[in-house]
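The structure appears right after this line, and notes come after that.
Values in this text are rule-based calculations from the coordinates and carry no lab data. Remember, it's a predicted structure, so these values are computed and weren't measured experimentally. Here the Cβ positions follow ideal geometry from the backbone for every residue, glycine too, while neighbour counts run over all protein chains shown.
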Amino acid sequence: MENYIDSPMDSQMNQTASKTQVKEFFTAVYTYMFMALVVSGVVSWYLASSGLFSEWFLNQETQSPKMLFYVVAFSPLGLVFLIQAKLRSFSLPALVGLFVLYSALIGASLASVFLYYSLGDIAITFFVTAGAFGAMAILGFTTSVDLSKMGSLLYMAFIGIFIAAIVNMFMNSEWLAYLISIVGVFVFTGLTAWEMQRLKAIAMDTSISSEDKGKASLMGGLTLYILFINLFMSLLHLLGGRD
């Protein structure tokens, strides 16, 4: 009768294979996230530096947003719903294409930061955001505490922030904007830790097919990108001095 108990060498090989799979999964996740950040950054900087943002999206007399700005600002929300709805039926290349389009539209709507904040403030805030994001990502990956209940509460808070931000687009209240930014810092950093724990569970689940894991890595990259952008904007409003 054969011995089915793994030898120490077999156990070590299985552990290495598991770590390799997790590493490959998160490499894909962060590749998608960084790709989206680059696309958004390039589009945002180009539209601001070329003057196209002001020409296309702002009324030249009043400097108030045109209707096209609101279309571009809210269309990414529809794209997220489309990606989620077609996650199983669309191919991975098609989903990647929608993701690139999403990040380009986000970049277009965020080009205004180059008009209101200095490059120094934007750069400093970006590095602060990267540090806070990285710390919470490590915490979420390494902690043994179940963050699922916290995640549910934070997503409810995220929805509240989103609604409040839409209302404030028309109210233009400075104190409400600061309140949203302060709450947003806590919500988005907390959600980053929760999302990393969730993605770790997916990466370690051997019952998920490679195709589904490929799509899950894209969704993970999309979610982390959204959290990073929102954390960056919250911190920029708090730390940056408007020109």
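Key figures
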| quantity | calculated |
| --- | --- |
| Tail beyond 17 Å, pair distance distribution of segment 71-138 (Cα, percent) | 60 |
| P(r) histogram, all alpha-carbon pairs of segment 103-160 included - 5 Å bins from 0, percent | 4, 13, 12, 17, 21, 15, 11, 5, 1 |
| Residue-wise HN-Hα coupling along segment 89-99, computed from phi with Karplus coefficients 6.51, -1.76, 1.60 (Hz; x: Gly, Pro) | 8, 7, 6, 4, x, 5, 5, 4, x, 5, 5 |
| Gaussian network model of the chain, Cα within-10 Å springs - most flexible of PHE74, PHE141, PHE133 | PHE74 |
| Whole-Å semi-axes of the chain's equivalent ellipsoid (Cα gyration tensor) | 38, 20, 16 |
| Residues GLU24, GLU195, sorted so that the one with the fewest Cβ neighbours within 10 Å comes first | GLU24, GLU195 |
| Where Cα atoms sit under 14 Å apart: lysine pairs in the chain separated by 8 or more or lying on different chains | 5 |
| Percent of C-alpha pairs per 5 Å bin, segment 120-207, short to long | 3, 13, 19, 18, 18, 14, 8, 4, 2, 1 |
| Centroid-to-centroid separation of segment 31-55 and segment 123-168 [C-alpha atoms, Å] | 23 |
| Residues whose placed amide H lies under 5 Å from that of LEU58, excluding near-sequence neighbours | LYS66 |
| Long-range HN-HN contacts of TYR117 with modeled amide H, under 5 Å | ASP243 |
